[in-house]
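To keep things clear, I will list the structure first and then write my remarks on it.
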Amino acid sequence: MFDSGVGGLTVADALRRALPGATLRYLADSACAPYGEKSPDFIRARSLTMAQHLIDHGARLLVIACNTATAHAAEAIRAAHPGLPVVGIEPGVKPAVSATRNGRVGVLATKATLQSERFRQLIERHASGVQVAAVACSGVVAHIEAGDLGSEALLALVQRYARALREAGVDTALLGCTHYPLIRPLWQSALGPGVQLLQIEDAVAQQAVRLWPLEPGGSNPVVLSSTGDPAVLGRLAREALGWEGFALETVLVPGTGIEPVRPR
Ligand code: DGL
């Protein structure tokens, strides 16, 4: 599985519980995070490179543990690897629409996810008759990538984005980026007790179980690898998820040749 960085650990945690017999290789593209502020071409090219790296390391099933990469690259990855089961993640608009009581739903996600054609179609397909307030939470992922799960500066950002949803009167909000559940308590307290917060990592893990092509094995080695410094990845796995007994690696993955668009 891969993510732009450490956020996909939230999916990895669900996956380990759902598929305890599987060998897991996690690739964090922390050298290029955040994806959410970059161009669709960059996200697609980089995601294809991540997928290829994992396939070269023997992947039999690929989880795109990133809403942003799923939005811009899932189709390209499936087209490039037709025999490979691929599981993506996208904001859980459908469950949120079922859960809302006042017909107002909030989506917290990256700019690139919210600007994608896939997100537009998701809303068109599942959210008719419901008001959707979508907020691009620029800056949040950079804090989490730096291992910051609770600074004043992060709190101020979370409060700003939560305020937009409160003003829209939503009673249900989605964490539409896999980094965000790592700071779920901050979101919940900024949104207030009247807003139910949804995340769909468990549903993604269940889909992986359905597509898993092998018999469950006896051992389940876990390798956490990163294109950047793997220290934060390891620390979050240990401290936020309570994992132990995994290997940590830095990997060198060639560039895509497409210049990332730097946030302004
Ligand atoms: N964790 C990713 C997602 O689910 C992307 C975060 C980013 O790199 O901007 O969208």
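Okay, here's what the table says:
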{"quantity": "0 to 90° range, to nearest 10: angle between helix 9-18 axis and the chain longest Cα axis", "calculated": "70"}
{"quantity": "Relative contact order %, region 104-208, counting alpha carbon pairs below 8 Å whose residues are six or more apart", "calculated": "33"}
{"quantity": "Whole-number D in µm² s⁻¹ for region 116-198, Kirkwood Cα-pair radius fed into Stokes-Einstein, 25 °C, 0.890 mPa s", "calculated": "181"}
{"quantity": "Label-to-label distance, nm, for residues given as Ala203 and Ala153 (7 Å Cα→Cβ offset)", "calculated": "3.4"}
{"quantity": "Normalised contact order of region 1-146, rounded percent, pairs of Cα under 8 Å and 6 or more residues apart", "calculated": "25"}
{"quantity": "Principal-axis tilt of helix 152-167 within the chain, Cα atoms, nearest 10 degrees", "calculated": "50"}
{"quantity": "For the chain: relative contact order, % (alpha-carbon pairs under 8 angstrom, 6 or more apart)", "calculated": "30"}
{"quantity": "Solvent exposure ordering (accessible area, 1.4 Å, most first) of Asp229, Asp148", "calculated": "Asp229, Asp148"}
{"quantity": "Debye-sum result for region 116-264 in log10 I(q)/I(0), which assumes one identical scatterer on each alpha carbon, at q = 0.13 Å⁻¹", "calculated": "-0.85"}
{"quantity": "Quarter of the Cα convex hull surface for the chain, i.e. its orientation-mean projected area (nm²)", "calculated": "13.4"}
{"quantity": "Pairwise centroid distance, computed over Cα atoms, of region 19-48 with region 206-249, Å", "calculated": "14"}
{"quantity": "Most positive-pole-ward Cα, Ala173, Leu252, Pro213, against dipole of region 122-264 from beta carbon charges", "calculated": "Ala173"}
{"quantity": "Top positive-direction residue, dipole computed over the chain with Cβ charges, set Gly242, Gly228, Ser128", "calculated": "Ser128"}
{"quantity": "Largest to smallest accessible area among Lys94, Lys111 [probe 1.4 Å]", "calculated": "Lys94, Lys111"}
{"quantity": "Among 159-172, 115-128, the order from most to least packed when residues are scored by Cβ within 10 Å on average", "calculated": "159-172, 115-128"}
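The values are calculated or read from the model by the stated rules, or taken from the named source; none is laboratory data. These figures come from a predicted structure and were not determined experimentally. Heads up, the Cβs are rebuilt from the backbone with ideal geometry, glycines too, and the neighbour counts pull from every protein chain shown. Protein only, heavy atoms only, side chains kept; ligands, DNA and RNA dropped before computing areas. Shrake-Rupley method; radii C 1.70, N 1.55, O 1.52, S 1.80 Å.
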